[in-house]
Amino acid sequence: MKHLYTATLVALSFTGALQAQVQLKNHSATPTFVVKKDLPAIQVYSLMGSADAFPQSPNFKFGGSADGAGLLRNNDGTFTYILNHEDNFAVSRITFDNTFAPIKGEYILNSNAGQWRLCSATMATPAEHGFGPKFITCGESGVESMTHAFDPYGAPKLDSLSEVVNLARGLGRWSAENALPLNKNAYPNKTVIVMGDDDSGANGGQVVLYIADAVGDLNNGKLYAL
């Protein structure tokens with residue numbers, strides 16, 4: 001059986017001069033698979049899938065189980081989209097042109113370095129969190145799982161388990177669903193991250209709080225579990 005995976009755009013808001021360039025439409029050979037019976041006014045577009053070849057990276061294959069993601073608008077009008085592929089233990093980087101058409105794809109973390117299922121994620125940005133941009137994604141499939149964080153514009157970390165990629169020293173080793181930094185105004189001059197335990201066993205369900213005494217410090221804070 002041939003399996004097709006697709007990423008679907010449900011709704012985006014573009015403002016100002018950007019609206020004249022962005023063209024929201026289908027770009028993938030794979031349909032959206034979205035039934036709009038109860039939401040007839042919603043417009044849904046299929047952007048990319050495993051059946052598609054991107055112009056600037058024809059050998060890139062879009063992986064399965066697209067999950068947590070972050071979208072950045074670049075100074076040149078293009079867009080950078082970082083997303084988890086949960087079942088592939090990997091993270092990809094997709095480049096959209098200024099019309100919002102996908103033109104390039106690459107893996108910036110593969111299963112060798114990911115090692116665990118990567119589900120939800122957060123894109124930390126200076127405007128919202130006071131540091132970044134930094135893509136933060138949690139492993140969730142075992143007690144040795146780690147949280148990864150890396151520059152969305154940086155070089156791929158395909159086979160690296162160094163602290164450049166993982167945050168085991170600061171955020172620990174455990175199954176986590178997401179690592180969500182609080183807004184920069186919540187605790188000024190600190191980094192505060194809330195994480196949820198994804199272990200479904202008898203000891204699961206903890207809420208974890210990470211606190212560091214410097215903005216953007218993801219390694220030297222303290223962990224508190226509830």
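Given the options G142, G114, name the one that is of a type outside the set (S, T, Y) and either buried (at least 21 other Cβ atoms within 10 Å of the Cβ) or in contact with a strand residue (DSSP E or B) (Cβ under 8 Å, 6 or more places away or on another chain) (or both).
Values: G142 fails: either buried (at least 21 other Cβ atoms within 10 Å of the Cβ) or in contact with a strand residue (DSSP E or B) (Cβ under 8 Å, 6 or more places away or on another chain) (or both).
Testing whether each residue is of a type outside the set (S, T, Y) and either buried (at least 21 other Cβ atoms within 10 Å of the Cβ) or in contact with a strand residue (DSSP E or B) (Cβ under 8 Å, 6 or more places away or on another chain) (or both) leaves just G114.
Inside segment 80-177, counting only helices (runs of 4 or more DSSP H) that do not spill past its ends, which hold 1 or more residues that are over 16 Å from Y210 (Cα atoms) and without any contact (Cβ under 8 Å) to a residue 40 or more places away in the chain?
Numbers: elements: 111-114, 126-129, 168-171.
The helices (runs of 4 or more DSSP H) meeting that bar are 111-114, 126-129.
Any chance segment 163-174 includes a residue that's modelled with pLDDT under 95, within 23 Å of E128 (Cα to Cα) and open to solvent by 90 Å² or more (accessible area, probe 1.4 Å)?
Yes.
It is to be established whether one or more residues within segment 208-215 are free of Cβ contacts under 8 Å to residues at least 24 places away in the same chain, in contact with a strand residue (DSSP E or B) (Cβ under 9 Å, 6 or more places away or on another chain) and either open to solvent by less than 80 Å² (accessible area, probe 1.4 Å) or not in a loop (DSSP other than H, G, I, E, B) (or both). So that I can check it myself, show each step before the final result.
The first filter runs over segment 208-215 and keeps only residues free of Cβ contacts under 8 Å to residues at least 24 places away in the same chain, leaving 209.
With the extra rule that they be in contact with a strand residue (DSSP E or B) (Cβ under 9 Å, 6 or more places away or on another chain), the set shrinks to 209.
Cutting the leftovers down to either open to solvent by less than 80 Å² (accessible area, probe 1.4 Å) or not in a loop (DSSP other than H, G, I, E, B) (or both) gives us 209.
So far as segment 208-215 goes, yes, one or more of its residues are free of Cβ contacts under 8 Å to residues at least 24 places away in the same chain, in contact with a strand residue (DSSP E or B) (Cβ under 9 Å, 6 or more places away or on another chain) and either open to solvent by less than 80 Å² (accessible area, probe 1.4 Å) or not in a loop (DSSP other than H, G, I, E, B) (or both).
Anything in segment 178-200 that is in a loop (DSSP other than H, G, I, E, B) and charged (D, E, K, R)? List them, or say none. Reasoning before the result, please.
Of segment 178-200, the ones in a loop (DSSP other than H, G, I, E, B) are 182-190, 198-200.
Scanning segment 178-200 gives K184, K190, D198, D199.
Return yes or no: is Y187 in contact (Cβ under 8 Å) with a residue 60 or more places away in the chain and under 20 Å from P126 (Cβ atoms)? Break it down into steps so the answer makes sense when it comes.
Working: in contact (Cβ under 8 Å) with a residue 60 or more places away in the chain: no; under 20 Å from P126 (Cβ atoms): yes.
In short, no.
Would you point out which residue out of D159, D197 is at pLDDT below 90 and out of contact with any helix residue (DSSP H, G or I) (no Cβ under 9 Å at 6 or more places or on another chain)? Walk me through how you get there before you give the answer.
On the way: D159 fails: out of contact with any helix residue (DSSP H, G or I) (no Cβ under 9 Å at 6 or more places or on another chain).
Every option except D197 fails the conditions.
Filter segment 49-66 for residues that are among the charged types (D, E, K, R) and over 18 Å from V91 (Cβ atoms) and give the result.
Within segment 49-66, D52 is the sole residue that qualifies.
In segment 147-158, what residues are over 14 Å from S92 (Cβ atoms) and crowded, with 21+ Cβ neighbours inside 10 Å?
Within segment 147-158, T147, A149 qualify.
Return yes or no: is L24 closer than 28 Å to A155 by Cα, open to solvent by 50 Å² or more (accessible area, probe 1.4 Å) and either assigned to a loop (DSSP other than H, G, I, E, B) or modelled with pLDDT of 90 or more (or both)?
Here the answer is no, as L24 does not meet what is asked.
Test of understanding: among I103, I108, which residue is open to solvent by less than 10 Å² (accessible area, probe 1.4 Å) and among the aliphatic types (A, V, I, L, M)? Full working, then the answer.
Values: I103 fails: open to solvent by less than 10 Å² (accessible area, probe 1.4 Å).
Exactly one of I103, I108 is open to solvent by less than 10 Å² (accessible area, probe 1.4 Å) and among the aliphatic types (A, V, I, L, M), namely I108.
Please state which one of N189, N183 is modelled with pLDDT of 85 or more, on the phi > 0 side of the Ramachandran plot and loosely packed, with under 15 Cβ neighbours inside 10 Å. So that I can check it myself, show each step before the final result.
Details: N183 fails: on the phi > 0 side of the Ramachandran plot.
Going through N189, N183 in turn, the sole match is N189.
The values are calculated or read from the model by the stated rules, or taken from the named source; none is laboratory data. Everything quoted here is computed from the prediction, not taken from an experiment. So basically every Cβ, Gly included, is an ideal-geometry build from the backbone, and we count neighbours across all protein chains shown. Just so you know, the surface numbers come from the protein's heavy atoms only, side chains and all, with ligands and any DNA or RNA stripped out. Shrake-Rupley method; radii C 1.70, N 1.55, O 1.52, S 1.80 Å.
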